[in-house]
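The values are calculated or read from the model by the stated rules, or taken from the named source; none is laboratory data. This structure is a prediction, so every number in the text was calculated from the model and none was measured. Counting neighbours? That spans all protein chains shown, and the Cβs are built from the backbone with ideal geometry, glycine included.
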């Protein structure tokens, strides 16, 4: 369209591509560790981090893009095994672990997608559980 400026696409960036590729290689144990790490963060910190995410969306006009990233992360958390490139012995346990880690996955996806738009403390709150659970994952 002539004269229409193309907006930012937070879902389709090299950083988010790498994040979702790495997400496809996490184990059930890593998902459970991510969930536990997420739950170890006080709820007030989660609320403050999400307020910061919303503020970035409002300030930069990226609220719809933030929603798209969130939806992609939630979709990954609810997809069946056919989307994962390796076999899991316990399909029900794998799917349950994905669902239980969904909050941590959404937070990490948003931290990656928003990058420097977030302050360091907010980024650590959102991304910390992912980092702790996936250290060494290439």
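Name the residues in the stretch 57-69 that are surrounded by fewer than 18 Cβ atoms within 10 Å (Cβ to Cβ) and in contact with a helix residue (DSSP H, G or I) (Cβ under 6 Å, 6 or more places away or on another chain), would you?
The one that is surrounded by fewer than 18 Cβ atoms within 10 Å (Cβ to Cβ) and in contact with a helix residue (DSSP H, G or I) (Cβ under 6 Å, 6 or more places away or on another chain): 63.
Mind telling me which of the residues 133, 101, 109 ends up being modelled with pLDDT of 95 or more, within 26 Å of residue 52 (Cβ to Cβ), buried (at least 18 other Cβ atoms within 10 Å of the Cβ) and touching a helix residue (DSSP H, G or I) at 6+ places or on another chain (Cβ under 6 Å)? Spell out how you get there, then give the answer.
On the way: 133 fails: modelled with pLDDT of 95 or more; 101 fails: modelled with pLDDT of 95 or more.
Within the list 133, 101, 109, the selection yields 109.
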